[in-house]
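Colleague: Mind having a look at this structure? Questions to follow.
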Amino acid sequence: MRTQVCIIGAGPSGLLLSQLLHRKGIDTIVLERKTKAYVLSRIRAGVLERGFVDLMREAGVGARMDAEGFTHDGTLIAYDNHQFRVDFAARAGASVMVYGQTELTRDLYEAREAMDGQILYNVEDVQIEDVTTQSPHVTFTMDGKGHRIDCDYVVGCDGFHGVSRKTIPEEKRREYEKIYPFGWLGILSETPPVHHELIYANSDRGFALCSMRNDNLSRYYVQCPLDHRPEDWSDAAFWEELKRRIPDAAAEQLITGPSIEKSIAPLRSFVTEPMRWGQLFLCGDAAHIVPPTGAKGLNTAASDIYYLYHGMMQHYLHGEDEGLERYSEKALARVWKAERFSWWMSNLLHRYPDQGAFDRKMQLADLAYLEQSEAAQISMAENYVGLPY
């Protein structure tokens, strides 16, 4: 097979890049090691920055998002049994969109299929070859048979455990990592959200988050030890703990119900440099991971796609290579800002095992400053709605 751009990974990043390039007449083939149903079964976050929303519209897949998504002009921060609001519209002149990643991915699949986009599923033994030459290719096994795709460029959207990052020689990569000493226990329930905007809560018992997917589908999280398992927590125990971590006014309004999904996610910050090696480009979790506190994981992947999409357009449509040559530099500059914001939000809201009395007082002072300072709220709002590309 032959294509211009071979994309490894049919999650939202790979699908979005494929869709954007296809609409500009640039040919792609997408490889996915799992099935479409498996990809759509993954429960992920659903807060979209303004830049991501614009990309979805540019890709021609924004109609259902605009019709069914929730525009959020602010968020609530809770501590000391009360809460305050950070107004994104007033502080940053923008908003975010709450729209589940599963729905977003479904929209992208439908768009690729409607345009006869090539997506190959259940591929195994993927190998990326000759990326430091002008003739890169990808080999893989599908249905027990070996295949090869020759291409101009390879894009790795295959996540932290994928083959793409590991294709860059270890001595040429520099990796930065922070492992957080706790996880997030999350449940999905068919219940109305406790509030029409997200509530981020700092309590003496640990962090909690009240989020949503739609009017009757809520997503809630509580900080928990890393050695806990989902089965250690009954639904009743989860709801009781959540109520103890959010303000009394919110706890009284909370509608509980059976969980339809329950999982524990560890938290880490991770960045690899560079994000380009020859004709191979890394995007999203293949290159960087953030703790979910600042809602930056999928959004940071989207900024990678933005830079790479524009670089590819410049190359194929105008014969200019500056965008591709500077891709890693541009992407990493924004990635590190997102990493900083996620790290800051995590430090602001979680209880750490080694946190002493002084550290706790500093955390509460930081929260009080955020509540009382317009400048602090502007900084948070600018980062939360998304820094410009």
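Colleague: Return the residues of the stretch 12-27 that are under 22 Å from PHE140 (Cα atoms), open to solvent by 10 Å² or more (accessible area, probe 1.4 Å) and in contact with a helix residue (DSSP H, G or I) (Cβ under 7 Å, 6 or more places away or on another chain); say none if nothing qualifies.
Modeller: PRO12, SER13
Colleague: Check off (1) in a helix (DSSP H, G or I); (2) within 30 Å of LEU267 (Cα to Cα); (3) in contact with an Asp or Glu (Cβ under 9 Å, 6 or more places away or on another chain); (4) among the aliphatic types (A, V, I, L, M) for LEU21 and give me the number that stays unchecked.
Modeller: In the conditions (1) in a helix (DSSP H, G or I); (2) within 30 Å of LEU267 (Cα to Cα); (3) in contact with an Asp or Glu (Cβ under 9 Å, 6 or more places away or on another chain); (4) among the aliphatic types (A, V, I, L, M), LEU21 misses (2) alone.
Colleague: Which residues, taken from the stretch 343-366, are assigned to a helix (DSSP H, G or I) and crowded, with 18+ Cβ neighbours inside 10 Å?
Modeller: Selection gives MET345, SER346, LEU348, LEU349, GLN363.
Colleague: Here is a follow-up. Give the residues of the stretch 70-126 that are more than 24 Å from ALA59 (Cα to Cα), open to solvent by 70 Å² or more (accessible area, probe 1.4 Å) and part of a strand (DSSP E or B), sorted by residue number.
Modeller: The answer is GLN83, ARG85, GLU124, ASP125.
Colleague: While we're on this one: Just to be sure, is VAL335 part of a helix (DSSP H, G or I), among the hydrophobic types (A, V, I, L, M, F, W, C) and within 22 Å of the chain's Cα centre (by Cα)?
Modeller: Answer is yes for this residue.
Colleague: Report whether or not VAL53 is modelled with pLDDT under 95, assigned to a helix (DSSP H, G or I) and open to solvent by less than 20 Å² (accessible area, probe 1.4 Å).
Modeller: no
Colleague: Need the failing condition index for TRP277 against (1) farther than 30 Å from VAL194 by Cα; (2) open to solvent by less than 40 Å² (accessible area, probe 1.4 Å), just the number.
Modeller: Failed condition: (2).
Colleague: Also: Among the residues of the stretch 287-323, how many are open to solvent by less than 10 Å² (accessible area, probe 1.4 Å), touching a residue at least 24 places away in the same chain (Cβ under 8 Å) and either within 19 Å of GLU58 (Cα to Cα) or of a type in the set (Asp, Glu) (or both)?
Modeller: So the answer is 10.
Colleague: What pairs come up if the first residue lies in the stretch 340-352 and is over 15 Å from LYS296 (Cβ atoms), the second is at pLDDT 95 or above, and their beta carbons are under 6 Å apart, counting only those six or more places apart or on different chains?
Modeller: Cβ pairs passing all conditions: HIS350/PHE207; HIS350/GLN223; ARG351/GLY206.
Colleague: All but one of (1) on the phi > 0 side of the Ramachandran plot; (2) open to solvent by 10 Å² or more (accessible area, probe 1.4 Å) hold for GLY284, so report the exception by its number.
Modeller: All conditions are met except number (2).
Colleague: Among the listed residues ARG57, ARG64, ARG44, which satisfies the condition of being under 27 Å from SER164 (Cα atoms), among the basic types (Lys, Arg) and within 20 Å of the chain's Cα centre (by Cα)?
Modeller: Among ARG57, ARG64, ARG44, only ARG44 is under 27 Å from SER164 (Cα atoms), among the basic types (Lys, Arg) and within 20 Å of the chain's Cα centre (by Cα).
Colleague: Go through the stretch 134-149 residue by residue and tally those that are within 17 Å of GLU124 (Cα to Cα), in contact (Cβ under 8 Å) with a residue 12 or more places away in the chain and open to solvent by 30 Å² or more (accessible area, probe 1.4 Å).
Modeller: So the answer is 6.
The values are calculated or read from the model by the stated rules, or taken from the named source; none is laboratory data. All values derive from a computational prediction rather than experimental measurement. FYI the Cβ positions are ideal-geometry reconstructions off the backbone, even for glycines, and counts take in every protein chain you see. Heavy atoms of the whole protein, side chains included, go into the accessibility calculation; ligands, DNA and RNA do not. Shrake-Rupley method; radii C 1.70, N 1.55, O 1.52, S 1.80 Å.
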